[in-house]
1. Could you work out what % of the accessible surface of the chain is carbon and sulfur, using a 1.4 angstrom probe and leaving DNA, RNA and ligands out of the count?
2. Cα axis of helix 329-338 to longest principal axis of the chain: angle in degrees, 0 to 90, nearest 10?
3. Among 156, 350, 73, whose Cα lies farthest out toward the positive end of the dipole of the chain, if unit charges sit on the beta carbon of Lys, Arg (+1) and Asp, Glu (-1)?
4. In degrees between 0 and 90, to the nearest 10, how far off the longest principal axis of the chain does helix 126-135 point, with axes built from Cα atoms?
5. If you line up the long axis of helix 53-62 against the longest principal axis of the chain, both from Cα atoms, how many degrees apart are they, to the nearest 10?
6. Send over a whole-number figure in Å² for the accessible area per residue of region 104-248, probe 1.4 Å.
7. DSSP beta bridges in the chain, what fraction antiparallel, as a percent rounded to 5?
8. Give me the 1.4 Å probe accessible area per residue for region 338-380, excluding ligands and nucleic acids, in Å².
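The values are calculated or read from the model by the stated rules, or taken from the named source; none is laboratory data. Treat the numbers as computed from the prediction; the structure is a model and nothing was measured. Every residue, glycine as well, gets a Cβ built from its backbone with ideal geometry; the counts of neighbours run over all protein chains shown. With ligands, DNA and RNA removed, areas are computed over all heavy atoms of the protein, side chains included. Shrake-Rupley method; radii C 1.70, N 1.55, O 1.52, S 1.80 Å.
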Amino acid sequence: MADRVTVIGWDGSPLTAAARGALGAATLVAGAPHHLALPEVPPTAERVRLGSVALAARRIAAHRGTAVVLADGDPGFFGVVRTLRAPEFGLEVEVVPAVSSVAAAFARAGMPWDDAQVVVAHRRTLRRAVNVCRAHAKVAVLTSPGAGPAELGLLLEGVHRTFVICEELGTERERVSVVTSDNAADHAWRDPNVVIVIGGPAGAAEGGGWIAGRDPATGPRGWVQPAEAYDGRLGEGETELLRAAQLARLGPRVGDLVWDIGSGSGAFAAEAARAGAAVIAVDHDPGACARTESAARRFGVQMQVVPGTAPHVLENLPEPDVVRVGGGGAAVVSAVADRRPQRIVTHAATRDEAELVGRDLTEHGYRVECALLQSVELDTRAWSETERSVVFLLSGVLPDRAP
């Protein structure tokens, strides 16, 4: 095992005395090619090109001597420190940090970033990173080859965003560009880069917020809001009890893409977006689309509203994680199940309709649950009944994609 492991963050500025001292004593230095080319790296030290951090960690663990790992920015922020400290390597590390590339990117853009989401985009996480960009007004994306500005722009089709692209921060080749998301694929971008994605309403309140990232206390309390919050224009199948049960079954979360088919008043779509998920709301009625957009503005959330009739309009939409089918019946549920989202919820007015939908979901490989929900609203002045609703709630979970 290495006698000493020091991780040095580098942001392009001159190395500190502590960093130079650690490098001067190193018998092994790991880093990217531009790190290994630094004049402070001892010519006699073993050099390890940092591709797979896990492989480098094994080399370091087997090394007898003093090891240094060089990394861009703050190595403790989505960086190599986490891997090096993993139990299987048994390494104790000292860290000499630098300004993170995210902080540097926002500084170059002259923008505050306490209200920003920060995500890492690899090929395996690119889709979820894009969903965060759909759902939030300010996002910093730490990119990687194959999951860079061009790919982000292509997957954001239909959603307008502004990209501030910061390439090779801290080097002589540093460049900051501002483009719209639909033009990002028209350029070749140099790695490494950070993309600041901007669009929609501002996140933090005037004067700043109290918590970094998205404020979880934004808007009124409660998963669902009463009809008055939507101008009293809730349609059939949009009762508070049913919406609360649907949200509980779907569990939308940050990084998810939710389809709301038959959005009606926009109540469910707005409430799923308040949970931090990206939402695409679909309805054939222009009035419903307008009400959905109004609900999004009222609650300060972002969503994409797509006018059209399901199932045909669904063909070109990006892959969903969870889906609410508020209208369209068994044919739409079947078309949704063909796309294999993790979870589907819908409702039925009769038992025969519920059985038809349930059988179809089962044939698609979903584990199906059904509950009969009955709600009775009472006037508490006289404790008399004012409204009654009875509906079958169906939910399907795809076992091979759960949770």
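1. Values: 10120 of 19310 Å².
Carbon and sulfur: 52 percent of the exposed surface of the chain.
2. Approximately 20 degrees, to the nearest ten.
3. 73
4. Compared with the principal axis, the helix lies near 60 degrees.
5. So the helix axis and the longest Cα principal axis differ by about 40 degrees.
6. Numbers: 7360 Å² over 145 residues.
Counting only protein heavy atoms, the per-residue value for region 104-248 is 51 Å².
7. Working: 37 of 76 bridges.
Of those bridges, close to 50 percent are antiparallel.
8. Working: 2550 Å² over 43 residues.
Roughly 59 Å² per residue, with all protein chains present.
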